Amino acid sequence: MALRGAEGARALATLIILGGACTFRPASISVGDGAGAPADGATSDGAEPGDAAALDAADAGAIAFLDVWPGAASGPSAMTTDAVPHQAGLVYVLDVVTKPAASIEQVVGMGAIWAPIQEQCSGRSQQGLHVWIGVGAGQTDRVQVDAAPGTASVAVAVSRFANVTGVPATGTLSASNTSGGACTGGVDSDAYSMTISLDGTSHLHQAVALRGTDLDAAGDFTERVEVIAGQPGDLAGLTVLDRPAAGATALSAAGTFSSATDWAVALIELQR
């Protein structure tokens with residue numbers, strides 16, 4: 001099963017992995033080498049079992065988040081999710097956070113064409129935030145993310161969206177960190193605020209690299225999943241959020257962290 005959340009409400013599931021590799025389902029956490037046995041330190045706070053509002057929106061032709069397939073790895077530079085279901089016409093948004101900031105060498109799976117659309121280091125390069133888009137998937141399959149050798153921890157989430165029909169699928173992109181976009185010189189802080197221009201029929205996807213902190217997000221975003229991977233000192237943290245533009249031509253994205261951290265944020269307009 002995947003994670004789903006009710007639109008307009010906080011529907012967040014948390015995955016924490018302190019070592020090894022794991023994938024996540026709402027009913028259970030599968031940790032290790034595919035053995036399916038939970039590992040100490042892997043926890044979840046649960047998720048909404050369904051998303052009727054999103055399905056209604058999809059049926060009406062609006063862009064709709066359907067579900068998310070997260071995973072985490074500590075130690076290996078490759079991360080493989082559970083099998084992500086194929087459905088004709090969907091677009092797949094892959095968010096990746098590495099510790100430290102590192103390149104993503106390839107993404108494969110589902111027979112899809114995967115392309116990088118956004119990359120943002122944190123202000124002290126403690127984390128790297130990457131967003132990829134997958135289109136043209138032809139089969140249910142795992143998605144494999146290969147990070148550069150030496151990457152300590154990897155947190156990933158694959159979100160499925162319906163009715164993203166724009167060419168290209170993404171419109172306006174925006175990203176920031178604690179140093180205004182540079183990879184050095186940042187000073188850890190406990191909040192961020194950004195504004196993005198977009199079409200009123202679009203949908204805004206937000207990815208936040210936050211290490212081991214918690215995020216209190218503003219702006220009517222629904223938090224879909226939080227993934228934290230790694231040993232203390234090597235944590236990669238990812239939170240994924242989204243919301244419809246609902247007629248607005250500019251939206252703000254802001255949030256407060258539970259403590260000051262070396263954060264990075266990416267905003268992606270998904271187009272009809």
Give me the residue from segment 204-229 that is among the β-branched types (V, I, T) and part of a strand (DSSP E or B) and, out of that set, nearest to V131 (Cα to Cα). V208
Number of the condition not met by A73 [criteria: (1) modelled with pLDDT under 95; (2) surrounded by fewer than 23 Cβ atoms within 10 Å (Cβ to Cβ)]: (2)
Of the conditions (1) at pLDDT 95 or above; (2) closer than 24 Å to A72 by Cβ; (3) out of contact with any strand residue (DSSP E or B) (no Cβ under 8 Å at 6 or more places or on another chain), L241 satisfies every one except a single condition; which number is it? (3)
Being assigned to a strand (DSSP E or B), modelled with pLDDT of 95 or more and surrounded by fewer than 21 Cβ atoms within 10 Å (Cβ to Cβ) narrows T201, T184, T195 down to just T195
Residues of segment 49-63 satisfying the condition of being surrounded by fewer than 24 Cβ atoms within 10 Å (Cβ to Cβ) and either assigned to a strand (DSSP E or B) or modelled with pLDDT of 85 or more (or both): G61, A62
Just one of G237, G230 is over 18 Å from S159 (Cα atoms) and out of contact with any Asp or Glu (no Cβ under 6 Å at 6 or more places or on another chain); which is it? G230
Here are A260, A207, A218: which of them is in contact (Cβ under 8 Å) with a residue 40 or more places away in the chain, loosely packed, with under 15 Cβ neighbours inside 10 Å, out of contact with any helix residue (DSSP H, G or I) (no Cβ under 6 Å at 6 or more places or on another chain) and of a type in the set (G, A, S)? A260
Step by step: first the residues of segment 158-181, then only those that are part of a loop (DSSP other than H, G, I, E, B) and under 18 Å from the mean Cα position of the chain (by Cα), then the one that is nearest to R272 (Cα to Cα). Which residue is that? V164
If you check A155, A162, A112, which single one turns out to be more than 17 Å from L238 (Cα to Cα) and buried (at least 24 other Cβ atoms within 10 Å of the Cβ)? A112
Please go through segment 245-255 and give me each residue that is farther than 16 Å from L215 by Cα and of a type in the set (A, V, I, L, M, F, W, C), ordered by number. A245, A246, A248, A250, L251
Counted residues in segment 87-98 being at pLDDT below 95 and surrounded by 16 or more Cβ atoms within 10 Å (Cβ to Cβ) come to 0
Cβ pairs under 6 Å, 6+ apart or interchain, first in segment 231-244 and more than 15 Å from T213 (Cβ to Cβ), second part of a strand (DSSP E or B) and aromatic (F, W, Y), ordered by first then second residue, are D242/F65
Odd one out for A266, checked against (1) more than 25 Å from Q126 (Cβ to Cβ); (2) hydrophobic (A, V, I, L, M, F, W, C); (3) within 18 Å of the chain's Cα centre (by Cα): (1)
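The values are calculated or read from the model by the stated rules, or taken from the named source; none is laboratory data. The structure displayed is predicted, hence computed values, not measured ones. Ideal geometry is used to build each Cβ from the backbone, glycine not excepted, and the neighbour counts take in all protein chains shown.
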